[in-house]
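These notes are about the structure you will find just below.
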Amino acid sequence: MSASREDNTSPDAQLSSHFFGDLLDSIIVDIASECHRIAKLGLDRNLEDEEEELRLSTQARVRAADPSNSGETNSKYVVDIFGQTHPPVASEIFDCMNCGRSIMAGRFAPHLEKCMGKGRKARLKAARNSSAAQNRYSRGSPASTYSPYSNSTSTNRLSNGSTGVAGEELSNGTYEEP
Amino acid sequence: MRHSVNRPPTPDAAEDQEKEPTLQEIINIKLIESGEKERLMELLRERLTECGWKDEMKALCRAFIKKKGRNNVTVDDLVHVITPKGRASVPDHVKADLLQRIRTFLDSAAL
């Protein structure tokens, strides 16, 4: 190659651009080929599916925002985004880890309240078992369900906690009697 | 002597006299043989991916495919869709860097 130095700027730039364009074209073809392949094989989340999903989600959003559907009362009729309906009260049954009884999931929270502290028998039991720890519990709050020292003066609070159902549960007596 | 088969003259002799490889072709061969072309291409690919150019191009493709229907699209279609926008939207610093490297190669190899 006997090209002299002076000639190099313009044809040199042209040459560089040519090769750059060459590289770019190859890359563009690669990208086009890749997208084409993905489209043909349906690997990209199918475009029609995407539109369908968008439509379904806007529908769900409309239904959720609709004021005529108050969440609790109509929950039997509302379909969630996966197309499932849920009963208003959870009906699965499992064992309480505190007392070992079979409890329905929808009734678990009230059960725990009685089982663990709010009820009379549980509180008595807790008081006996942890007399040393009495002083550490917060004494001030009358609303506290874990007040272990309230043996004698607790009659008022008891009447709050024990409903007819609670009475049944407690009188079945699976706790050790103090 | 009888020629039983009609045979065109052996190409080599004719070709050498008719056509000299252009400067471009010579340099292209040098680029490829030295492995520099491959390196430059990988570098360019990496740069274009980093700056989001590749994603832009893929988005253009997807939009086109969506519009036209995925069974009616050819690779050629897509190339024609991306090429003008693609060439125009390469970031300046990427282009400058690659051009610089190519020029360096030309300087070192063009003798």
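The values are calculated or read from the model by the stated rules, or taken from the named source; none is laboratory data. No experiment lies behind these values; they were computed from the predicted model shown. Reconstructed Cβ throughout: ideal geometry from the backbone, glycine too, with neighbour counts over all protein chains shown.
Quickly run through the range A:108-126 and pick out the residues that are at pLDDT 75 or above and either in contact with a Phe, Trp or Tyr (Cβ under 8 Å, 6 or more places away or on another chain) or surrounded by 15 or more Cβ atoms within 10 Å (Cβ to Cβ) (or both).
Scanning the range A:108-126 gives A:108, A:110, A:111, A:112, A:113, A:114, A:115, A:116, A:117, A:124.
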Legend entry - Any chance residue A:36 is at pLDDT 90 or above, facing chain B (nearest Cβ under 8 Å) and more than 41 Å from the chain's Cα centre (by Cα): no
Inset, instruction - Within the range B:89-109, work out how many residues are in a loop (DSSP other than H, G, I, E, B) and buried (at least 16 other Cβ atoms within 10 Å of the Cβ). - result: 1
Inset, instruction - State which residue is nearest to residue A:37 (Cα to Cα) when the search covers only the range B:57-76 and only residues that are under 21 Å from the mean Cα position of the chain (by Cα) and either exposed (fewer than 15 other Cβ atoms within 10 Å of the Cβ) or of a type in the set (S, T, N, Q) (or both). - result: B:74
Legend entry - Subset tally (residues that are assigned to a loop (DSSP other than H, G, I, E, B) and among the β-branched types (Val, Ile, Thr)) for the range B:44-81: 2
